[in-house]
Amino acid sequence: MDRVKNKVVIITGAASGLGEADARMLAAEGARVVMTDINVDAGQTIANEIGATFYQQDVALEESWHDLMGKVEEHYGQLDALVNNAGVGIIADIETTTTEVWRKTLGIHLDGTFWGCQSAIALMKKSGGGSIINMSSTAALVGIPSFLAYSAAKGGIRSMTKSIAIHCKQQNLNVRCNSVHPGSINTPMVHNALKKLVGIDMASEEDPEMMRQKLGVGEPNDVAHMIVYLVSDESKHINGAEMVIDNGDTVI
Ligand SMILES: NC(=O)c1ccc[n+]([C@@H]2O[C@H](COP(=O)([O-])OP(=O)(O)OC[C@H]3O[C@@H](n4cnc5c(N)ncnc54)[C@H](O)[C@@H]3O)[C@@H](O)[C@H]2O)c1
């Protein structure tokens, strides 16, 4: 309990899956959680349940970041951590990826993460520093054929993170920046991919937990534990790192 007590933490894409798990665990550990998402109903419902603040935000719009940081500064006067988590996983390989899919994927993941980091650093500088956590993927490490634009975006997030981490260190900003690289984790995004790519429908499985274990798919809290650690001061010497959460899948 209280590992991140009173820290003000923004989580994007917090109305579902990993973002929701992060929000719940951070709130349970004492953080003042600010959730954002394009899905207002689900986001507001979860926020009410855990005592968080919810704001509607499309991370792919630059002005949404200025609005968000303005509200956070006005309401809390500080920002201790940002989790750039919002994302989409559109299935398409190099031969089938349209320009529209390419731009949408890079807009949400790469542009959103860039604006998020830039605007968070501006506010963190005023309030003494902070921790930025960028949600990448093992797709950044190995490249997944059926997720071309997604792999490119996650690879970009990985190297952007390192560039930011070193800049902040050189400038003595007291801002850390790390990327997180989960393999397959049990969320709606992965359910959709399993259905489309291998014909497994987790929703109609008789024993979804058994199927999860059989497929070697992780649980959202496996990632949330890492997020709490990176937000907390326990990770004060971790900077520019890539935290892989895949039970060794990319090692062998
Ligand atoms: N689940 C996995 O196995 C896995 C693995 C590696 C990385 N990731 C990454 O983790 C993050 C969360 O994925 P998830 O599995 O929880 O997916 P999810 O689909 O359950 O949740 C994604 C959330 O992002 C929101 N979102 C989408 N576009 C948005 C936008 N433009 N602005 C704001 N919010 C937006 C959605 O409304 C949704 O609530 C993503 O960045 C994803 O790429 C997931």
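Criterion first (in contact with a Lys or Arg (Cβ under 9 Å, 6 or more places away or on another chain) and away from the ligand (no atom under 12 Å from the Cβ)) does residue 149 satisfy it? In short, no. Applying the set (1) more than 12 Å from the ligand (Cβ to nearest atom); (2) over 24 Å from residue 114 (Cβ atoms) to residue 41 leaves exactly one unmet item: (1). Scanning region 180-197 for residues that are in a strand (DSSP E or B) and near the ligand (Cβ under 6 Å from one of its atoms), we see that the one that is nearest to the chain's Cα centre (by Cα) is 182. More than 29 Å from residue 6 (Cα to Cα), modelled with pLDDT of 95 or more, in the same structural domain as residue 17 (by TED's automatic domain parsing) and within 12 Å of the ligand (Cβ to nearest atom): is that true of residue 90 in this structure? For residue 90, the condition - more than 29 Å from residue 6 (Cα to Cα), modelled with pLDDT of 95 or more, in the same structural domain as residue 17 (by TED's automatic domain parsing) and within 12 Å of the ligand (Cβ to nearest atom) - is met.
For residue 36, the test of being of a type in the set (Val, Ile, Thr) and more than 26 Å from residue 175 (Cα to Cα) is failed.
Over 24 Å from residue 1 (Cα atoms), within 10 Å of the ligand (Cβ to nearest atom) and acidic (Asp, Glu): does that describe residue 58? Considered against the rule, which asks whether it is over 24 Å from residue 1 (Cα atoms), within 10 Å of the ligand (Cβ to nearest atom) and acidic (Asp, Glu), residue 58 comes out as yes. Of the candidates 36, 97, 105, 113, the single residue that is of a type in the set (S, T, N, Q), surrounded by 17 or more Cβ atoms within 10 Å (Cβ to Cβ) and under 20 Å from residue 7 (Cα atoms) is 36. Residue 167 meets all of the listed conditions (1) assigned to a helix (DSSP H, G or I); (2) assigned by TED's automatic domain parsing to the domain that holds residue 103; (3) surrounded by fewer than 20 Cβ atoms within 10 Å (Cβ to Cβ); (4) within 19 Å of the chain's Cα centre (by Cα) but one, namely (4).
If you check 13, 30, 19 for being away from the ligand (no atom under 13 Å from the Cβ) and either over 22 Å from residue 104 (Cβ atoms) or of a type outside the set (A, V, I, L, M, F, W, C) (or both), only one passes: 30.
Give me the residue from region 93-113 that is of a type outside the set (D, E, K, R) and farther than 10 Å from residue 60 by Cα and, out of that set, nearest to the ligand (Cβ to nearest atom). In this case the residue turns out to be 101. Here region 198-212 is the region considered, the condition is being assigned to a helix (DSSP H, G or I) and small (Gly, Ala, Ser), and the residue that is farthest from the ligand (Cβ to nearest atom) is 204. Considering the conditions (1) touching a residue at least 60 places away in the same chain (Cβ under 8 Å); (2) within 12 Å of the ligand (Cβ to nearest atom), residue 218 is excluded by exactly one of them, (1).
The values are calculated or read from the model by the stated rules, or taken from the named source; none is laboratory data. Keep in mind the model is a prediction, meaning the values are calculated, not measured. As a convention, Cβ positions derive from the backbone with ideal geometry for all residues, glycine included, and neighbour counts pool all protein chains shown.
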